[in-house]
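Since the structure comes first, as structure tokens, the remarks are kept for the end.
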């Protein structure tokens, strides 16, 4: 795996060693960093609130923008309440820490992100999500009166796959269940508008908690937890939440004003996905993709150096552990042009 150090922002083109490469990596699904109006909103937010605000959310001087973002996000997502944190990892970590202390049993999905995975758990990476769901259903009928926490990503970004949680309805009614979903790769892409999957799954017979990063598709360095009044109160009264610095307020202000820009970029991304998936429809022997998600993976490794020779950089690194084999993936963004997609598809077809 070859690294490519650069000293400038990332967009659809990466200048490296005197040559421009098409960039199909990262998590900037909506390409917000390449939208001048969005950058201007961020600059205006920084001018209003300063570059950062390191004081606790519970200090005697409080910035209104944090409450405003929580209220808007929860309302649009269809959640009762929300809690804003400085990163998606912090949001996931805090949510799973509180659940782990409360639950009798914790059942993590095989692709659960490290942020929502208690340290002592090592899920079987070979286990399929379908088999995991079947195991949960079976185990639920073997216990009574337990509080059970189920931990999962909304999306498996490696396969890729968009998870369906309707199987939760088959769990035994003799227990209480929490379902923690990491929406980091769903926010901006799946569910209700840009607000993820909470609305989709809130009618399940569980206490639903959704945590995720706003720093991927939404381009805001922050994290969110969505849940009911009881759980969000637990979050906000925790020592971690009270002691941590909040998100950068200027970015939060930009988020509150960027609805139309997000909608615009969503439309561009969906058009790019439909176009590219049409171009590669006859390459199922080489590629895996889900038409709802802007990531394409290769059935065999070794594509990264081939495509680099063709002037294309894709995602290629070991994940989630350093000892894992590198995973080659294509990440589509709203900032790609049709010409970019044609060039990529041609390189794959001839490879």
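Observations on the structure shown:
- Single residue of region 156-170 satisfying the filter (surrounded by fewer than 16 Cβ atoms within 10 Å (Cβ to Cβ) and under 25 Å from the mean Cα position of the chain (by Cα)) that is farthest from residue 294 (Cα to Cα): 169
- Test result for residue 173, under 24 Å from residue 290 (Cα atoms), more than 22 Å from the chain's Cα centre (by Cα), free of Cβ contacts under 8 Å to residues at least 40 places away in the same chain and not in a strand (DSSP E or B): no
- Tally of residues being within 14 Å of residue 99 (Cα to Cα), in contact with a helix residue (DSSP H, G or I) (Cβ under 8 Å, 6 or more places away or on another chain) and surrounded by fewer than 24 Cβ atoms within 10 Å (Cβ to Cβ) across region 218-234: 2
- Among the residues of region 238-270, those that are closer than 14 Å to residue 33 by Cα and in contact with a helix residue (DSSP H, G or I) (Cβ under 8 Å, 6 or more places away or on another chain) comprise 251, 254, 255, 258, 261, 262, 265.
- When we screen 220, 224 for residues that are more than 24 Å from residue 328 (Cα to Cα), within 19 Å of the chain's Cα centre (by Cα) and part of a strand (DSSP E or B), the only hit is 224.
- From 74, 83, residue being assigned to a helix (DSSP H, G or I), at pLDDT 95 or above and either under 23 Å from the mean Cα position of the chain (by Cα) or surrounded by 14 or more Cβ atoms within 10 Å (Cβ to Cβ) (or both): 74
- Residue-level check: of (1) at pLDDT 95 or above; (2) touching a helix residue (DSSP H, G or I) at 6+ places or on another chain (Cβ under 8 Å), residue 99 misses just (2).
For (1) in contact with a strand residue (DSSP E or B) (Cβ under 6 Å, 6 or more places away or on another chain); (2) surrounded by 15 or more Cβ atoms within 10 Å (Cβ to Cβ); (3) modelled with pLDDT under 95; (4) at negative phi, each residue gets a yes or a no:
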site	(1), (2), (3), (4)
88	yes, yes, no, yes
93	no, yes, no, yes
109	yes, yes, no, yes
119	no, no, yes, yes
133	no, yes, no, yes
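- Residue within region 302-314 that is closer than 24 Å to residue 153 by Cβ and either loosely packed, with under 15 Cβ neighbours inside 10 Å or out of contact with any strand residue (DSSP E or B) (no Cβ under 7 Å at 6 or more places or on another chain) (or both) present: no
- Candidates in region 176-191 are the residues that are touching a residue at least 60 places away in the same chain (Cβ under 8 Å) and out of contact with any helix residue (DSSP H, G or I) (no Cβ under 6 Å at 6 or more places or on another chain); of these, the one that is surrounded by the most Cβ atoms within 10 Å (Cβ to Cβ) is 188.
The values are calculated or read from the model by the stated rules, or taken from the named source; none is laboratory data. Being a predicted model, the structure only gives us computed values, none of them experimental. FYI the Cβ positions are ideal-geometry reconstructions off the backbone, even for glycines, and counts take in every protein chain you see.
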